[in-house]
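These notes concern the structure reproduced below.
Here, each number is a calculation from the coordinates, and none is a lab measurement. It should be emphasised that the depicted structure is a prediction, and the values quoted were computed from it without experimental measurement. We place every Cβ from the backbone using ideal geometry, glycine too, and count neighbours over all the protein chains shown.
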Amino acid sequence: MDNNIVSKEKFIEKVQEFISNADGPFSIAVADIDNFESINKIYGYKIGDKVIEKLVSIFTQNLTGMDLVTRHGDEFNFLLVKKGAERSFMEMEEIRRYLSDNMFPLSDSNKIENVYITISCGIASYPRDAKNAVELFRVADSAMFRAKKLGKNRVCLSEAESMVLKSSYFTKTQVDRLAGLSKEKEKTEAFLLREALDDLFKKYSK
């Protein structure tokens with residue numbers, strides 16, 4: 001068993017330990033498989049189990065040494081150690097994008113199915129978003145449900161964190177235009193910002 005995979009009890013114990021020692025920043029990410037019931041209905045429960053196995057493999061390959069993950073049904077919780085909101089967002093967004101950009105051939109012993117897997121993820125960071133474990137999980141859950149409500153297949157920070165991160169650098173008009181462009185082009189705001197940065201680097205490296 002991978003050392004990054006732990007029981008829910010061990011996961012919560014570790015979160016409490018970090019809080020007791022004021023050992024921040026760290027983040028909690030809650031990720032839920034999109035349309036998992038439909039996957040089970042279309043492909044069968046054996047393929048559904050393979051989806052879980054594939055995600056566990058991908059998640060553990062992308063975790064650093066001290067990060068932890070636990071699973072309950074089709075929901076995964078991550079403890080992202082020494083990572084604030086921005087770094088946690090970037091890491092979970094890269095995983096989300098990797099999943100969204102690929103089809104995964106999964107076998108149930110009788111046949112191979114190419115399955116499209118996406119996740120919706122919410123992130124909360126200590127100590128910025130909450131000072132105790134219960135509230136930290138509540139904020140992360142709320143952000144995950146907001147990701148679902150916004151159309152699934154995306155990563156959301158806490159509402160307060162989102163405003164802090166964007167308003168630190170952009171005007172309200174720019175934030176609103178970015179949100180509108182993201183919806184129009186069906187690309188994440190992070191993707192559009194990366195494109196803009198690439199253009200900026202090209203402009204000034206000439």
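Once the other residues with Cβ under 9 Å from the Cβ of G24 are scored (Lys, Arg +1; Asp, Glu -1), what is the net sum? Can you show the working numbers first?
Values: positive: K82, R128; negative: D23.
For residues surrounding G24, the net value is +1.
Only helical runs count toward this figure. For the chain, summing -39,500 (n - 2.57) over DSSP H runs of n ≥ 4 and dividing by all residues gives -17000 deg cm²/dmol at 222 nm. A Förster distance of 22 Å, applied to the separation of the beta-carbon atoms of N132 and E9, puts the FRET efficiency at 0.80.
In vacuo Debye scattering of the chain, one point per C-alpha: log10 I(q)/I(0) at q = 0.11, 0.17 Å⁻¹? Ignoring solvent entirely, the Cα scatterers give -0.56, -1.19. Relative to the Cα centre, the charge distribution of the chain, modelled as +1 at Lys and Arg Cβ and -1 at Asp and Glu Cβ, gives a dipole magnitude of about 560 debye. Arranged from fewest to most other beta-carbon atoms within 10 Å of their beta carbon, M66, M92 become M66, M92. Please report the spacing between the Cα centers of region 1-72 and region 116-143 in Å, no decimals. About 13 Å separates the Cα centre of region 1-72 from the one of region 116-143.
In this structure, the amide hydrogen of D108, modeled 1.01 Å from its nitrogen in the peptide plane, lies closer than 5 angstrom to those of E113, counting only residues at least 5 positions away or on a different chain.
Among C156, C121, the ranking by other beta carbons within 10 Å of each residue's beta carbon, starting with the fewest, stands as C156, C121.
Computed extension length for A179-N110: 20.4 nm, one decimal, from 0.36 nm per residue of separation with the Cα-Cα distance subtracted.
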